[in-house]
Amino acid sequence: MAIVDSARAGLHAIELGATIVQLRGLHLTGRDLEREAMVLVPKSSVPVIVSSRCDIALAAGAAGVNLRERDVPVAAARKLLGQRLIGRSVHSSEGAREAEQAGADFVIFGPVWDSPSHAGQPPQGLEGLTKVVNGVRIPVLAIGGVDTERAQECITAGAQGYAGIRMFE
């Protein structure tokens, strides 16, 4: 999964091999995020999910949403999104189990390694990743310091995939 801040970056990530794109837009207004989603979704050859914004995911026809732990509950998002994909970013085995019980389709777990995008959060390592993978039945994607070499380590540890920001730039 490529995590991007613009439609242009999302289309570039697909060219680099991303199989799903998460449009994050940390520094965008809601209106600007919606504009980027409205460009990316129809042009994308892979599923696009929107970070934190169920309304924008619906408006743009995105495949779903990824929610941070402080975002709306998974159950509330499910009422809005129906069968669209709902992911939850988590930082513990407990968080992953709670997301699964609430109806999330997948979790993004990390940071596995040190990462500037997760500054201040201690890395959980491959051991933490394996613990999360073994604690839930839904797919787990690894995030945090993942690069092309470490991606295989994540898969070997049991993750069904990985998410990256810098590796798809």
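Before moving on, here are some points about what is shown:
Each row is one residue, and each column tells you yes or no for (1) modelled with pLDDT under 95; (2) closer than 18 Å to R24 by Cα.
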| position | (1), (2) |
| --- | --- |
| P111 | no, yes |
| L129 | no, no |
| R137 | no, no |
| I143 | no, yes |
| F168 | yes, yes |
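- Filter result (buried (at least 17 other Cβ atoms within 10 Å of the Cβ) and small (G, A, S)) within region 61-81: A62, A63, G64, A77
- Taking residues in region 17-44 that are within 14 Å of N66 (Cβ to Cβ), and partners anywhere that are of a type in the set (D, E) and surrounded by fewer than 23 Cβ atoms within 10 Å (Cβ to Cβ), the pairs with Cβ atoms closer than 8 Å and at least 6 places apart or on different chains are L23/D5; R24/D5; G25/D5; G25/D32; L26/D5.
- Selection count where residues are of a type in the set (A, V, I, L, M), surrounded by fewer than 22 Cβ atoms within 10 Å (Cβ to Cβ) and in contact (Cβ under 8 Å) with a residue 12 or more places away in the chain, scope region 91-125: 1
- Number of the condition not met by N66 [criteria: (1) within 18 Å of A13 (Cβ to Cβ); (2) in contact with a helix residue (DSSP H, G or I) (Cβ under 9 Å, 6 or more places away or on another chain)]: (2)
- Among residues of region 143-155 that are at positive phi, those with a Cβ under 9 angstrom from a residue that is among the acidic types (D, E) and not in a helix (DSSP H, G or I), sequence gap 6+ or separate chain, pair up as G144/D114; G145/D114.
- With respect to the stated conditions, A104 fails to be more than 21 Å from V4 (Cα to Cα), assigned to a helix (DSSP H, G or I) and not aromatic (F, W, Y).
- Within region 115-127, the residues that satisfy the criterion of being assigned to a helix (DSSP H, G or I) and modelled with pLDDT under 85 are P116, S117, H118.
- One residue from A57, A76 being of a type in the set (G, A, S) and within 23 Å of G164 (Cα to Cα): A57
- Residue match in region 82-90 (condition: buried (at least 16 other Cβ atoms within 10 Å of the Cβ), over 23 Å from G10 (Cβ atoms) and not charged (D, E, K, R)): yes
- Tally, over region 145-162, of residues that are part of a loop (DSSP other than H, G, I, E, B), small (G, A, S) and modelled with pLDDT of 95 or more: 3
The values are calculated or read from the model by the stated rules, or taken from the named source; none is laboratory data. Note that the structure is a prediction, hence the values are computed from the model and not measured. Heads up, the Cβs are rebuilt from the backbone with ideal geometry, glycines too, and the neighbour counts pull from every protein chain shown.
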